[in-house]
Amino acid sequence: MAADSSDLLEVDRLLDEEERAIRDVVRRFVESEVLPNVGDWFERGEFPSEVMKGTADLGLLGMHLTGYGCLGASAVSYGLVCMELEAGDSGLRSFVSVQGSLSMFPIWKYGSDEQKQEWLPRMAAGEAIGCFGLTEPDAGSDPGRMRTSAKHDGPDWVLNGTKLWITNGSIANVAIVWAQTEEGVRGFLVPTDTPGFSASDIQRKLSLRASVTSELVLDDVRLPGSAVLPGVVGMKGPLSCLTEARYGIVWGTMGAARACFESALGFAKARVQWGRPIAGFQLTQAKLANMALELGKGTLLALHLGRMKDEGLLRPEQVSFGKLNNVREALEIAREARTILGASGITLDHPAMRHASNLESVLTYEGTSEIHSLIIGQALTGLRAFD
């Protein structure tokens, strides 16, 4: 048997020394600072500030970007970090992903020199938090029909609209807001202390409870002309940011799956029924074998996409392939793990139900499974099945 039962294929051997070192540092952080407390955070519905500071201290915020205080790590290293963070909780990976891929990336990719200098060093250090305002109450999978508008008023822009399901919204210092203009969809940097901007948390969530999810309201928010991202016009801007973030999900969900698998495996070896550990029963072993198969395949898929991204070869439809497969399989692993854990599996003493609940959100956000199926379908057939 392999030394690590959750890595039966020994994928670890495919990583270089630096990649393993970065992964191990984050794994230790999650084990010492997150896992002892995350059940309580989930139950209370809070995301503690000390965890945000810890990710910044480790250099994880915008770590895949270069310059401006960012680490400049490889795509594979960033993916491994996402895996370890989500082994703790999807809310933790979501925070880092939104900060780096959805907030810092558009500034880094499309911002002016002044915007980059103003925001990126502070965001990399965790001194400023960002959020990404794209989804609206009536524009989810069809963001091109967003109603939020930005209109010229002399040298200024005036923004009006509502954004919904926004991670980090109420704790953000700057919101990257996408709005309709006469020229097309544009991105705007909106300091959250701007008059007319407000954010309120969404309550009564049954998923991503250890994460901040908000509604943003822009009521005649006046911004200077310099607030617009100059480097992109149209839906290419926000969609390219989503591709960055979806890549992290491909890896992160395998962290959640691994945590569920390891919990179920340990429980099955210790739980005795009919005078023997339930791990010795054929049905339990079949469940464990199937979970190990999908965990191994999903991790190899993530690593393959990461190597392609580092070579500059990764395409959006390939990221959709990864997100569709790995979220779906992680959710199935979490559910199967819960059955092995029995009644104990519905409690926060074990991670399976918490991860399964979180993964229901991950299945939907940054592109539903249906949307990713259609993206893959278009790549296969050359025919677009949606507007």
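The values are calculated or read from the model by the stated rules, or taken from the named source; none is laboratory data. Since the model is a prediction, treat every value here as computed from it, not as a measurement. Methodologically, a virtual Cβ is constructed for each residue, glycine included, from the backbone with ideal geometry; neighbour enumeration extends over all protein chains shown. Side chains are part of the model used for accessible areas, which takes the heavy atoms of the whole protein and leaves out ligands, DNA and RNA. Shrake-Rupley method; radii C 1.70, N 1.55, O 1.52, S 1.80 Å.
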Out of curiosity, is SER32 closer than 28 Å to ASP310 by Cα and assigned to a helix (DSSP H, G or I)? no
Report those helices (runs of 4 or more DSSP H) wholly inside the stretch 305-387 carrying at least 3 residues which are in contact with a Cys (Cβ under 6 Å, 6 or more places away or on another chain) and aliphatic (A, V, I, L, M). 316-341
Selection count, the stretch 338-348, where residues are more than 15 Å from ASP89 (Cβ to Cβ) and loosely packed, with under 15 Cβ neighbours inside 10 Å: 5
Please find, within the stretch 301-350, the residue that is farthest from GLN282 (Cα to Cα) out of those that are in contact (Cβ under 8 Å) with a residue 60 or more places away in the chain and among the acidic types (Asp, Glu). ASP310
Kindly indicate whether any position in the stretch 317-326 is out of contact with any helix residue (DSSP H, G or I) (no Cβ under 7 Å at 6 or more places or on another chain) and of a type in the set (Val, Ile, Thr). no
Single condition VAL233 does not satisfy, out of (1) assigned to a loop (DSSP other than H, G, I, E, B); (2) under 15 Å from the mean Cα position of the chain (by Cα): (2)
Test THR368 against the stated conditions and say whether it is under 22 Å from ASP89 (Cα atoms) and buried (at least 23 other Cβ atoms within 10 Å of the Cβ). no
Whether any residue in the stretch 46-53 is open to solvent by 40 Å² or more (accessible area, probe 1.4 Å) and closer than 19 Å to VAL362 by Cα is what I want to check. yes
Which one is nearest to the chain's Cα centre (by Cα) among residues in the stretch 117-173 that are among the aliphatic types (A, V, I, L, M), over 19 Å from PRO48 (Cα atoms) and assigned to a strand (DSSP E or B)? LEU164
Which of the following residues is open to solvent by 10 Å² or more (accessible area, probe 1.4 Å), closer than 23 Å to ALA124 by Cβ and charged (D, E, K, R): ASP193, ASP201, ASP156, ASP219? ASP193
All-but-one check, LEU65 against (1) closer than 28 Å to CYS241 by Cα; (2) in contact with a Leu (Cβ under 7 Å, 6 or more places away or on another chain); (3) open to solvent by less than 20 Å² (accessible area, probe 1.4 Å), failing number (2)
Test of understanding: among LEU85, LEU14, LEU9, which residue is in contact with a Leu (Cβ under 8 Å, 6 or more places away or on another chain), within 23 Å of THR167 (Cα to Cα) and either buried (at least 21 other Cβ atoms within 10 Å of the Cβ) or in contact (Cβ under 8 Å) with a residue 60 or more places away in the chain (or both)? LEU85
Quick one: in the stretch 160-188, which of the residues that are surrounded by fewer than 21 Cβ atoms within 10 Å (Cβ to Cβ) and free of Cβ contacts under 8 Å to residues at least 40 places away in the same chain is farthest from LEU239 (Cα to Cα)? GLU182
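Give the residues of the stretch 356-380 that are in contact with an Asp or Glu (Cβ under 8 Å, 6 or more places away or on another chain) and touching a residue at least 60 places away in the same chain (Cβ under 8 Å), sorted by residue number.
Passing the criteria: ASN358, GLN378, ALA379.
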Here is a list: ARG315, ARG328, ARG384. Which entry is modelled with pLDDT under 95 and open to solvent by 60 Å² or more (accessible area, probe 1.4 Å)? ARG384
Give the residue that is surrounded by the fewest Cβ atoms within 10 Å (Cβ to Cβ), with candidates limited to residues of the stretch 88-128 that are farther than 20 Å from SER74 by Cα and among the small types (Gly, Ala, Ser). SER112
All-but-one check, GLU43 against (1) more than 16 Å from ARG246 (Cα to Cα); (2) touching a residue at least 24 places away in the same chain (Cβ under 8 Å); (3) touching a helix residue (DSSP H, G or I) at 6+ places or on another chain (Cβ under 8 Å), failing number (3)
Just checking, how many residues over the stretch 204-216 are closer than 19 Å to PHE95 by Cα and loosely packed, with under 13 Cβ neighbours inside 10 Å? 1
So which residues in the stretch 129-153 are among the hydroxyl-bearing types (Ser, Thr, Tyr) and open to solvent by less than 60 Å² (accessible area, probe 1.4 Å)? THR135, THR148, SER149
